[in-house]
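All remarks here apply to the structure that follows.
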Amino acid sequence: MENLLPNLAGGFATAIDPLNLFYCFVGVFLGTLVGVLPGVGSLAAISMLMPLTFYVPPETALIMLAGIYYGTQYGGSTASILLNLPGTPSAAVICLDGYPMSQQGRAGVALAMTTIASFFGATCGIIVLTLFAQSLSRIGLSFTSAEYFSLMFLGLVASSTLASGPPVKGIAMVLVGLALGLVGSDVQTGVQRYTFGSMSLFDGINLVALSMGLFGVSEVISSMRSGDSGSHIGKVRLRSLIPTRADLKSSVAPLLRGTAVGAFFGPLPGTGTNLASFMAYVLEKKVARDPSRFGKGAIEGVVAPESANNSAAQTAFVPTLTLGIPGDAVMALLLGVLIMHGIQPGPNLIEAQPKLFWGLVASFWIGNLMLLILNLPLIGLWVKILAIPRKVLLPAILMFMCIGVYSVNNNAVDIGIMIVFGVVGYFMLSLGFEAAPLILGFILGPLMEQYLKRALLLSSGDPMVFVERPISCGFLTVAVAALFLSAVASIRNARRANQPVEDPAADTDGNRP
Amino acid sequence: MMKRVNRVELTGSLALGAFGIFYTVKAFGYRMGTLSEMGPGFFPLVVGLMITSLAGIILLAGIWKERDKAWKKPDLRAMFWTLCALVAFALLVRPFGIIPAVVVLILTCLAARSDTTWPQAAVIAAGLAILAYLLFIVGLGLNLSALRWGV
């Protein structure tokens, strides 16, 4: 804590380096762009930009990719307000009151207030990150392999059971990710695992090709034949952006509450921005004097979720950067990029890579300022971008992905891997399996194996080491409890879903046609 | 309403199970080692067994379930054209360079859309090929050839 100011100053020195400023701008610009466009998510955008990061220093790479992530949170609400179509999943709640506002001719106010809320939430999120990062990483330094294994286990359980969709499928996807993560040479023995003799797999499956296939190709396929959107949006005039005094006054408390909700959910594994914005909306409705206003254009219903998802987006970096435990798939991708640059994520990161850590934190401030400018005076630009026809956009995305994957190694086999995972991802999507937990497992798989091996080596093969150490035992207990609760919940749901349709007797016989 | 096998859940769990069994069998080919000194096969074996058993759980839990209303039928036509486009790019980029590969990629993938006429597609393809050239080769200076002939 004592070195906070000098560290931050050093961070700003890194962040205002022209190269970093440029990449920061590219990141937040693209982030807003993909946020605005429904159907293109931050995961796809980050995967698309990953090849570029091989040409720049790791801190620059991270500054850009992180910019995409929090920039998306700004842009996501634009389509929600104007089209009633969420640009990002976390902006889905904004539709509820944002679209009615725009029907009442108050789209400008809604857009301006979401930007202000985004900025406020993000700023508070960065303060939380700055204050807690060092102390948390100091706690992390006392962890042994056993604690790390248990913490990763907890992280994977939490993110798969809390993800949308049935928990069993989420866990299955994490495991498939673990399995794919083990492909390649074994670190200790050099044994080739699951490579089938292919040179291209010796270093493991290429993360860029994997994530582009799962998130990019499958998204393009699913929106390939859907219609065009956006041609009917009107212009947003600058003057219409100015909120009234009453708007501002009734936004202050929701802003604070939303930010707090976001800062709470952000660092927790698996919850992320979606849950934060949803919970903030629910909370506003609870505390409101007249809940019936919600859904009809209440400004609180726009401001609170928007500040929550931005504050969550910033605080999500806390566990990722201080402990090396990613809370969601985006964070896992960022960790993957660090690993590709040869940087070991973990509690040592702040000490070992001060330039990277503090530079990144400082770039958050700068990036959010840029976003404020991009989203207030330039809002008209984004509204126009919503009108880009799909028939230009989708081929362009496909083109960027192909050139990107190819340029990593100048190797067409990587395009092949991308194609394979594109097909797999598309079928997974239509069979109800989500790809996000898979990436978490993929990144954490090799690390978990290492920690497991090391912990058992030190305890000479005694598995009790995971339960005897109190912190590790605590993590495992929470993980097992989460598993148990989600199992109970899904069994109860299944019962409830089956009851009205069938009487129980029909289950035992006569159900085959 | 008659209860029928939920084909979505059936397909999903069988595919997962096949992957799990394959992964487990393959894991036996690597040295297992002991708990205190694990070989390269130990962790994969555990993961493979867990995948296989989860596939079993998903199968049992889902097979008689009503089909989910939200289920989206895979659009095989869109997938076919997207894949053709990607494969064409993969095959063309090495021998002929970026520009022809991009043009074929875009024309092929626009074949999946009914709202595009050929002249429109040609304009889009030309525009994006120029964009790719300017951005990747001129702007970023990537070591890619725009146009070439032969391997």
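The values are calculated or read from the model by the stated rules, or taken from the named source; none is laboratory data. None of these values were measured; they are calculated from a predicted model. We place every Cβ from the backbone using ideal geometry, glycine too, and count neighbours over all the protein chains shown. For accessibility, only protein heavy atoms count, side chains too; no ligands or nucleic acids. Shrake-Rupley method; radii C 1.70, N 1.55, O 1.52, S 1.80 Å.
According to the calculation over all Cα-Cα pairs in chain B, the P(r) per 5 Å bin from zero is 2, 8, 11, 10, 9, 8, 9, 10, 13, 12, 6, 2, 1, 0 %.
Against chain B, whose longest principal axis is taken from its Cα atoms, helix B:7-27 shows a tilt of about 80°. Amide H contacts under 5 Å for B:G33: B:G39, restricted to partners 5 or more places along the chain or on a different chain, H placed in the peptide plane at 1.01 Å from N.
Interface residues of the range A:417-432, defined as those losing at least 30 Å² of solvent-accessible heavy-atom surface relative to the isolated chain (probe radius 1.4 Å), are listed as A:I419, A:V423, A:Y426, A:F427, A:S430, A:L431. The long axis of helix B:42-62 is offset from the longest Cα principal axis of chain B by roughly 90 degrees.
Just so you know, the Cα atoms of the range A:323-424 work out to an Rg and Dmax of 18.4, 48 Å.
Our summary of shape: the Cα atoms of the range A:1-121 have principal axis extents of 48, 35, 23 Å, ordered from largest down, in whole angstrom.
Of all accessible surface on the protein assembly as shown at a 1.4 Å probe, what whole percent is carbon and sulfur? Show your work: numbers first, answer last.
On the way: 18890 of 27600 Å².
Of all accessible area on the protein assembly as shown, carbon and sulfur atoms account for 68 percent.
Pairs of lysine residues in chain A that meet both criteria, 8 or more places apart or on different chains and Cα atoms under 29 Å apart, total 11.
Rounded if a/c is under 1.5, else prolate if a/b is larger than b/c, else oblate: which is the range B:58-120, with a ≥ b ≥ c the root eigenvalues of its Cα gyration tensor? Write down the numbers at each step before the final one.
Details: a/c = 6.40, a/b = 2.18, b/c = 2.93.
Oblate is the answer for the range B:58-120, as a/c is 1.5 or above yet b/c matches or exceeds a/b.
Reducing the range A:325-341 and the range A:11-26 to their Cα centroids gives an inter-centroid distance of 21 Å.
In this structure the amide hydrogen of A:R193, modeled in the peptide plane, comes within under 5 Å of the amide hydrogens of A:G184, A:S185, A:D186, none closer than 5 places in sequence on its chain.
Membrane-span-like helices in chain A, defined here as complete DSSP H runs extending at least 24 Å along the helix axis by their C-alpha atoms with mean Kyte-Doolittle hydropathy no lower than -1.0, are A:18-36, A:58-83, A:107-141, A:145-162, A:245-265, A:354-375, A:390-409, A:412-430, A:436-458, A:470-498; this is a sequence and geometry rule, not a statement about a membrane.
Quick one: accessible area per residue over the range A:15-113, 1.4 Å probe, rounded to a whole number of Å²?
Working: 2520 Å² over 99 residues.
Using a 1.4 Å probe on heavy atoms only, each residue of the range A:15-113 averages 25 Å².
The charge dipole of chain A, taken about its Cα centre with unit charges on the Cβ of Lys, Arg, Asp and Glu (plus for the first two, minus for the last two), comes to roughly 1380 debye. The phi-based Karplus calculation (6.51 cos²θ - 1.76 cosθ + 1.60; θ = phi - 60°) puts the 3J(HN,Hα) values of the range A:198-204 at 8, 4, 5, 9, 4, 8, x Hz, whole numbers, x for Gly and Pro. When only alpha carbons of the protein assembly as shown are considered, Rg and Dmax amount to 24.9, 74 Å. Both numbers refer to the Cα atoms of the range A:59-157; Rg and Dmax are 18.6, 58 Å. Between the chain alone and the structure with every protein chain in place, find the residues of the range B:32-57 that drop at least 50 Å² of accessible area; heavy atoms, 1.4 Å probe. Residues passing the criterion (a loss of at least 50 Å², heavy atoms only) are B:L35, B:S36, B:M38, B:P40, B:F43, B:L54.
Relative to the longest principal axis of the Cα atoms of chain B, the long axis of helix B:118-132 makes an angle of roughly 90 degrees. Cα convex hull, the range A:328-374: 93 Å³ per residue, rounded to a whole number.
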